[in-house]
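The structure appears right after this line, and notes come after that.
Just so you know, all these numbers are worked out from the coordinates, no wet-lab data involved. Since the model is a prediction, treat every value here as computed from it, not as a measurement. Using ideal geometry, Cβ is built from the backbone for each residue, glycine included, and neighbour counts are taken over all protein chains shown.
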Amino acid sequence: MSKDDRYLTTFGGLLAFLYLAFGVFEAIGGIGYDGEWLGALCVQGNVMDAFVLLVIGAVFAFGLRERRDGSAFMLIGMALGIVFLAIYLVLMGANALGLLIFGSEHMEGWTAMDSMRPGLYLGILATVGGCIWRRRLSPSRLSRAGA
Amino acid sequence: MSEVTDEGAKKAIRVALCGNPNVGKSSLFNALTGSRQHVGNWPGVTVERKSGYRNYRGHRIEIVDLPGTYSLIASAKDEEVATRYIIEEDPDVVLQVVDSSNLERNLYLTMQLMEFGKPMVLAMNMSDITEERGDSLDLDALKRFLGTPAVRTVASQGIGLEDLLDAVVGAATKPPADRRVGYGELEATISDLREMIDKDGEISSRFSSRWMATRLIENDSYVRRLLSDRSIWQDIEPYLSRMDREESEMDLADSRYSVIDEVVVLSCRRCKPKRSVSDNMDRVLVHKYLGIPIFLILLWGAFELTFSAATPFMDLIDSGFAELGTWVADNVQPDWLASLMADGIIGGVGSVLIFLPNIIIMFLILGILEDSGYLARVAFLMDRLMNRIGLQGKSAIPLLMGFGCNIPAIMATRSIDDRKDRLITIMATPFMSCSARLPVFILFAGAFFSHMAGTIIFMMYMIGIVVAIVTAKLLRTFVFKGEPSAFIMELPPYRLPTIRSVGVHTWDRAYMYVRKAGTIILLGVVAIWALASLPFGVEYGGEDSWIAIIGKVFEPLVEPLGFDWRIAVALLFGFIAKEIVVGGLMTLYGAGESEDALTDALKADGSLNQVNAFGLMTFSLLYMPCVAAAGVIWGETRSWKWTLFSVAYGIAIAYVIALLIWQIGGPLFG
């Protein structure tokens, strides 16, 4: 294993732990546990969010098990983390746009913190990894689809 | 049909555009003719032939885009369309699109086409992928060896089109080069068969007797049919029955592959299989345990975006229609005209157009998933599940296409060669939730499940998938007994979706949606408005209106599902097109022109709650998608029995599930 692959595996291991842990927190919130600490971590108690975090965590975790192709799992895990960061940012942006167009009355007191969730800040961490290993993750390594 | 003109046209040239599935035929067709045929990064996108024209250097070139085929011996209906065209319609030039990055597999069809004896041109497409891989093609060596012009193209970027057209014009004006594959010991058999075929002057003047002889050895049903009523068949049939056909077929294929090996060695440098980016991605994305969960989270993400990201744009359109409706109501006279315009047209059509942002977002996402090659992986992931329910993996492609629109999805079943598998897939496809059902889901999920609307919509899609699977399993177990036919799927490489490709597809779908709103939906809501306003003098949509009378006839049927007469009418009109359900409710609830007002009216309706709203969404999901879908089922099956079964079965399933939801869920949560 090259030095770069070792760093990638360590980083992927950290992300595996975080995604799985926050996935469990979301699931706990989803089944009705209402601890204050969950609120502090912006855990919304959404079962589908929990599923997303657990699946991304599982991708990283499988990468730790794989000797030969571990890096592929880490890179896809990061890509998924970034995709969901983008989805959550678009959702946050859509709410902000609604606030901008229709004012606070229509948005019933929405603030940016209402859209904050673990997938967002863990996604930022995945993006940091994506930037470090951007050469290996670059979509430019794929050819273009037909038009 | 479309046309691109360079200069005045003179001589007509007819070109058959053929090749293996997913090599970029439709991309090349679009680039050459200026058409906008749907292209996708998976096999089987084109299932019927399409024509386009190009005037080039004094020639009027008709280009016929054919479905992909691996061989001239067709096994599926779409392959038959391609082979029959090439054989029967006598095109001037056969233009084979070759995936340069997969030369060996593509050249098998080339060998068969060469034997057919028509002038040929090879478009060496996807050359960019080959070059990025570090491989290089020696086109001169290829041309010399095959005796056929070969042109480097990248259809998606419009590279090599002029050279290709020059080659087509050149090939049309010259006789084809006489190149043939040597079949060793089988040559004697071929020679005997040729002698017999040549005795029939009519046949031998139409087709190359050598080509027919090889087809007979390969047991091609088309050639057998062609000869079976000729006098020469009396000699041919006993001769063929004495042969070990299986052995001979294998010998033919071996000979062709040894020529292909030589071609590849001569013309391709460094063409050795290496592990690509796509291979690495597939280690994860089609992983035994992770593949399906990854697909599910991406699907959920797509529906979250479809619902939530569109909201401000929906609100904007909604307020626009509300303003327009108010203005019309205040300024138009007489009152009935104002009511027709505000309550009927603006309210009904507006309530459908409000969902345009959702439709655009959904097709953008579907386009990205399709063009990237990911949807082909989903079909691959589904293969195991499909086999378990008695279908082949190929059935997953039409089912997934059903998320966009059920009509092309039902047509896409033509790529399934086994008739039983095809019928089962046709019967299951209408349960896949198409975009027309989306407005119903968004309206009711938004009104009754606002905090988890995206998840509820995702559940609807899951229910559709489950019902499609159960339907397939039931049909396989009780009606079409047997094993699914074998399926080998070639996974296309992952590609970066282009803005143009995804944009064109999304634009076309959005345009279709708007056009539908302005035609069939407009007629539907005007009809509902008229029935709600008649007889003259009655209260609009009141108990004495014709619509109420019709609705009350059906009310006893839907009462056990927790629906009233207005829902019954909306569902009844939903047979025409599902969007009318929303437009109809807008008209029937007298919600004016604003979707928000309809949401409020639905919430205020004491007879509706989360349980029967969920039941209504499920009913809308499962009963027949639209009249056009039923028409396509008839067109594809040519059977009234199966068309009526599909409609009746859909209604029955929708009814039973909605009944269970209300009867069980009502007492618990209602």
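What is the helix-to-structure angle for B:374-388, meaning the angle in degrees between its Cα long axis and the longest Cα principal axis of chain B, kept from 0 to 90 and rounded to the nearest 10?
Computed tilt is about 90 degrees.
For the Cα atoms of chain B, what angle does the longest principal axis make with the long axis of helix B:103-116, in degrees from 0 to 90, nearest 10?
On a 0 to 90 degree scale, this one is about 70.
Within 10 Å of each Cβ in peptide A:86-97, how many partner chain Cβ atoms are there on average? Round it to a whole number, please.
For peptide A:86-97, the averaged partner shielding equals 4.
Does chain A classify as rounded, prolate or oblate by the C-alpha gyration tensor (a ≥ b ≥ c root eigenvalues; a/c under 1.5 gives rounded; else a/b over b/c gives prolate, otherwise oblate)?
It is oblate, given that a/c is not under 1.5 and a/b is not larger than b/c.
Grab the eigenvalues of the alpha-carbon gyration tensor for region B:606-670, scale each by 5, take roots, and send me the semi-axes largest first in whole angstrom.
31, 11, 6
Under a straight-distance cross-link criterion of Cα-Cα below 20 Å, which lysines are reachable from B:LYS11, leaving out those fewer than 8 residues away in the same chain?
Excluding near neighbours in sequence, the set is B:LYS118, B:LYS174.
Taking the 0 to 90 degree range and rounding to the nearest ten, how far is the long axis of helix B:291-304 tilted relative to the main principal axis of chain B, both from C-alpha atoms?
50
Taking 0.36 nm per residue of separation and subtracting the Cα-Cα distance, what length does fully extending B:ARG500 through B:ARG14 add?
That pair, B:ARG500 and B:ARG14, stretches by 172.1 nm at full extension.
How large is the convex hull of the Cα atoms of region B:379-513 per residue, expressed in Å³ as a whole number?
132
In whole Å, what is the distance between the alpha-carbon centres of region B:626-660 and region B:495-574?
A separation of 19 Å, based on Cα centres.
Where in chain B is the longest stretch that carries no trypsin sites (Lys or Arg not before Pro) classed as loop by DSSP and with at most 12 other Cβ atoms within 10 Å?
It works out to B:11-241.
Between the alpha-carbon centers of region B:201-225 and region B:168-189, tell me the distance in whole angstrom.
So the separation of the two Cα centres works out to 15 Å.
How large is the translational diffusion coefficient of region A:36-94 in µm² per second when you combine the Kirkwood radius over alpha carbon pairs with Stokes-Einstein at 37 °C and 0.692 mPa s?
256
Largest first and in whole Å, what are the equivalent-ellipsoid semi-axes of region B:66-178 based on the Cα gyration tensor, each being the root of 5 times an eigenvalue?
22, 17, 13
If the convex hull of the alpha-carbon atoms of chain B is projected onto planes in all directions, what is the mean projected area in square nanometres?
Orientation-averaged projected area of the Cα hull: 33.9 nm².
Which value in deg cm²/dmol, rounded to the nearest 500, describes the helix-derived mean residue ellipticity at 222 nm for chain B, given -39,500 (n - 2.57) per DSSP H run of n ≥ 4 and division by the residue count?
Using -39500 (n - 2.57) per qualifying helix, the result is -18500 deg cm²/dmol.
Plugging the Kirkwood radius over Cα pairs into Stokes-Einstein for the protein assembly as shown, at a temperature of 25 °C and a viscosity of 0.890 mPa s, what D comes out in µm²/s?
Estimated via Stokes-Einstein, D reaches 83 µm²/s.
Using helices alone, I'd like the mean residue ellipticity at 222 nm for chain A: each DSSP H run of four-plus residues gives -39500 (n - 2.57), total over residue count, nearest 500.
Taking each H run of at least 4 residues, the total per residue is -25000 deg cm²/dmol.
In square nanometres, what is the average projected area of the Cα convex hull of region B:199-335?
Its Cα hull, projected and averaged over all orientations, spans 22.8 nm².
Just to check, using Stokes-Einstein with a Kirkwood Rh over alpha carbon pairs, what's the diffusion coefficient of region B:186-269 at 10 °C and 1.306 mPa s in µm²/s?
Here the translational diffusion coefficient equals 115 µm²/s.
Tell me the label-point distance for the pair B:MET243, A:ARG65, using the 7 Å Cα-to-Cβ offset, in nm and rounded to one decimal.
So the two model labels end up 5.2 nm from each other.
Anything over 18 Å Cα to Cα? Flag those among B:LYS473/B:LYS578; B:LYS473/B:LYS641; B:LYS394/B:LYS473; B:LYS50/B:LYS420; B:LYS420/B:LYS473; B:LYS516/B:LYS552, in the order listed.
Distance filter (> 18 Å) returns B:LYS473/B:LYS578; B:LYS473/B:LYS641; B:LYS50/B:LYS420; B:LYS516/B:LYS552.
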